[in-house]
Amino acid sequence: MYLTFYGLKEKPFNATPDPKFLYLTPGHREALAQLVYSVQENRGFLVLTGEVGTGKTTLLHAFLQRLNRVNGQTAVAYVFNTMLPFEDLLEYVLEELGVPTPPSSPAQRLLALRRFMLDRRRAGQNTVLILDEAQNLDPATLERIRMLSNLETPTEKLLQILLVGQPELRAKLNRPELRQLQQRIELQCGLAPLSREQVRDYIETRLRVAGARDLGLFSDRAQDRIAAYSRGIPRRVNILCDHCLVIGYAEHRRRIEVDTVDQAIAALAGAAQRPARRPASLARATWERWFLGAVAAALIAGIAVSPLRTEATQLLTFARHVRDLFLR
């Protein structure tokens with residue numbers, strides 16, 4: 001809704017992993033180059049780790065695009081639901097690769113996968129298995145995935161396996177029961193959070209890709225505040241910047257200043273308060289106080305002349321209630 005207001009062709013801070021918005025830090029650039037090279041060289045196990053929101057999935061989509069440009073014959077099975085048991089994972093992989101799934105035993109499925117990869121290798125083509133969110137895989141499933149790497153010829157691997165996950169993945173791979181898998185890992189690379197200067201470049205890069213005419217849409221102080229809040233995590237930068245643009249559009253601000261960023265942070269934290277009820281107008285408030293005062297005075301006067309003690313007591317109690325209302 002703010003695209004026309006800010007002169008944008010598309011949303012610059014969408015949460016989707018669109019590779020055209022990939023911002024390549026030196027670490028991201030090295031990881032991408034290493035992954036492409038490792039697949040071309042038929043390396044076995046590869047590991048990519050990074051904190052939540054550091055851009056692993058976006059990098060993976062750029063990696064797949066690069067593979068298609070370099071070698072358009074690479075078959076890729078991309079598994080993002082790693083909560084599945086191994087047999088279901090294997091079935092999913094076969095479906096992704098387009099291998100007709102044998103309706104019989106797991107052994108028949110493994111044989112079908114091996115035949116498929118051998119045929120591709122004879123044609124000079126690679127097969128890659130990507131397991132995203134791999135930190136969720138239990139050790140038993142990881143061990144069975146390791147055994148897939150035994151599908152090989154005497155001279156080369158038939159399958160390259162890329163494990164992608166959060167830093168907990170590395171800790172899991174260092175368990176004693178997974179030492180055989182650990183020994184087969186030929187590449188490990190990690191994605192670090194952005195520095196303060198990289199956050200500035202990241203924001204400008206995404207604005208440029210989205211078609212912004214004004215790359216200084218966010219003031220320097222606003223960008224510093226975004227960097228501090230996000231702690232250099234691209235996903236947090238995206239969410240916060242998008243909120244800033246929504247607020248700026250609502251308030252007709254052409255430039256995002258630090259106070260707008262603070263508003264967006266408060267909204268994300270759930271700290272935004274409901275607007276207070278508008279007080280009654282001065283005339284109405286004065287009239288209400290006069291009326292309550294008059295009622296209280298009349299009641300007190302009635303008590304003074306009341307011949308019945310019980311009735312006087314009841315009137316006094318009521319008068320006190322009215323007084324309390326008056327003093328609120």
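Read the figures in this text as sums done on the coordinates, not as results from a lab. Remember, it's a predicted structure, so these values are computed and weren't measured experimentally. Virtual Cβ from ideal backbone geometry, glycine too; neighbours counted across all protein chains shown.
Anisotropy class assigned to the range 24-191 is oblate, per the alpha carbon gyration tensor with a/c at or over the 1.5 cut-off and a/b no larger than b/c. The residues neighbouring THR101, those whose beta-carbon lies less than 9 Å from its own, together hold a net charge of -1 under the Lys/Arg +1, Asp/Glu -1 convention.
As a proxy for reagent exposure, ranking TYR37, TYR2 by other Cβ atoms within 10 Å from fewest up yields TYR37, TYR2.
Taking a straight Cα-Cα cut-off under 12 Å and skipping sequence neighbours fewer than 8 places away in the same chain, the aspartates and glutamates within cross-link reach of LYS11 are ASP242. By other beta-carbon atoms within 10 Å, ranking THR141, THR260 with the fewest at the front produces THR141, THR260.
For q values of 0.12, 0.15, 0.27 Å⁻¹, compute log₁₀ I(q)/I(0) with the Debye formula on a Cα-only model of the range 196-268, without solvent. The calculated log intensity ratios at q = 0.12, 0.15, 0.27 Å⁻¹ are -0.26, -0.41, -1.43. In the range 196-268, a dipole from Cβ-located charges (positive for Lys and Arg, negative for Asp and Glu) runs towards its positive end, and of THR205, ILE256, PHE218 it is THR205 whose Cα lies farthest in that direction. Taken about its Cα centre, the range 196-268 carries a charge dipole of roughly 180 debye when the Cβ of each Lys and Arg holds +1 and the Cβ of each Asp and Glu holds -1. Once you put a point 7 Å from the Cα of ASP214 and another 7 Å from the Cα of GLN34, both along the Cβ direction, what distance in nm separates them? Output for this residue pair reads 4.1 nm. Over all Cα atoms in the range 142-255, the spread is summed up by Rg and Dmax: 21.6, 67 Å.
Qualifying trypsin sites (Lys or Arg not before Pro) in the range 146-230, where qualification requires a DSSP coil assignment and no more than 16 other C-beta atoms within 10 Å, comprise ARG213.
Sites listed here are trypsin sites (Lys or Arg not before Pro) in the range 1-34 whose DSSP assignment is loop and whose Cβ has at most 14 other Cβ atoms within 10 Å: LYS9.
Annotation: aspartates and glutamates with alpha-carbon distance below 18 angstrom to LYS172 (same-chain offsets under eight excluded): GLU51, ASP132, GLU133, ASP138, GLU143, GLU186.
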